[in-house]
Amino acid sequence: MTSAPISPPRSIVLHGKSRVLELTWPDGTVHRLPFELMRVYSPSAEVQGHGPGQEVLQTGKREIQITALASVGTYAVQPTFSDGHDSGLFTWEYLHYLGSQQEQLWREYEARLAEAGLDRDRPMGRAVPPPKTFSARRKN
């Protein structure tokens, strides 16, 4: 992430239908962050863990909505997602990072899903069911 402080965006627009948070920065840069990306990269301990290796891979977030967006001082926003998740504080620096690194972050997310044998649409907490096997048994 960038180390220089980022000024607050000039505008923040929630696009519910397309599920995108649009941020216009003071330099004119516009980032359109999919809600799904924000949810799977939430800076909360619930997602990031409390240290390296404790991250929780998020799935089933493709259709996620942001139902509320609260201002946190002059440095962040706190979205409430439609799955109830509301503990991530998205600082201006972190939002700028998500926007500027979006393509790389998607690639990393898809690689982690593939490595875990999961996909974006599998609901959280559901393991892959074992293949069904049938054995024929005859009754005499």
**OP:** Kindly indicate whether S42 is buried (at least 18 other Cβ atoms within 10 Å of the Cβ), of a type in the set (S, T, Y) and assigned to a loop (DSSP other than H, G, I, E, B).
**Re:** yes
Subject >> Criterion: under 29 Å from A116 (Cα atoms) and among the basic types (K, R) - qualifying residue of R10, R39 >> reply: R39
**OP:** Tell me, yes or no, whether segment 64-79 has at least one residue that is among the β-branched types (V, I, T), within 23 Å of M124 (Cβ to Cβ), under 12 Å from the mean Cα position of the chain (by Cα) and not in a helix (DSSP H, G or I).
**Re:** yes
Original post:
So, in segment 9-28, of the ones that are assigned to a loop (DSSP other than H, G, I, E, B) and free of Cβ contacts under 8 Å to residues at least 24 places away in the same chain, which residue ends up surrounded by the most Cβ atoms within 10 Å (Cβ to Cβ)?
Top reply: R10
Original post:
How many residues does segment 45-58 hold that are surrounded by fewer than 18 Cβ atoms within 10 Å (Cβ to Cβ), assigned to a loop (DSSP other than H, G, I, E, B) and not charged (D, E, K, R)?
Top reply: 8
Original post:
Within segment 112-135, restricting attention to residues that are more than 15 Å from the chain's Cα centre (by Cα) and modelled with pLDDT of 80 or more, which residue is surrounded by the most Cβ atoms within 10 Å (Cβ to Cβ)?
Top reply: L118
Original post:
Which of the residues that make up segment 80-106 are among the aliphatic types (A, V, I, L, M) and in a helix (DSSP H, G or I)?
Top reply: L95, L98, L105
**OP:** Tell me, yes or no, whether segment 1-8 has at least one residue that is surrounded by 14 or more Cβ atoms within 10 Å (Cβ to Cβ), modelled with pLDDT under 95 and assigned to a loop (DSSP other than H, G, I, E, B).
**Re:** yes
Original post:
Does at least one position in segment 66-89 carry a residue that is of a type outside the set (V, I, T) and under 21 Å from R107 (Cβ atoms)?
Top reply: no
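The values are calculated or read from the model by the stated rules, or taken from the named source; none is laboratory data. Owing to the predicted nature of the structure, the values given are computational and were not obtained by experimental measurement. As a convention, Cβ positions derive from the backbone with ideal geometry for all residues, glycine included, and neighbour counts pool all protein chains shown.
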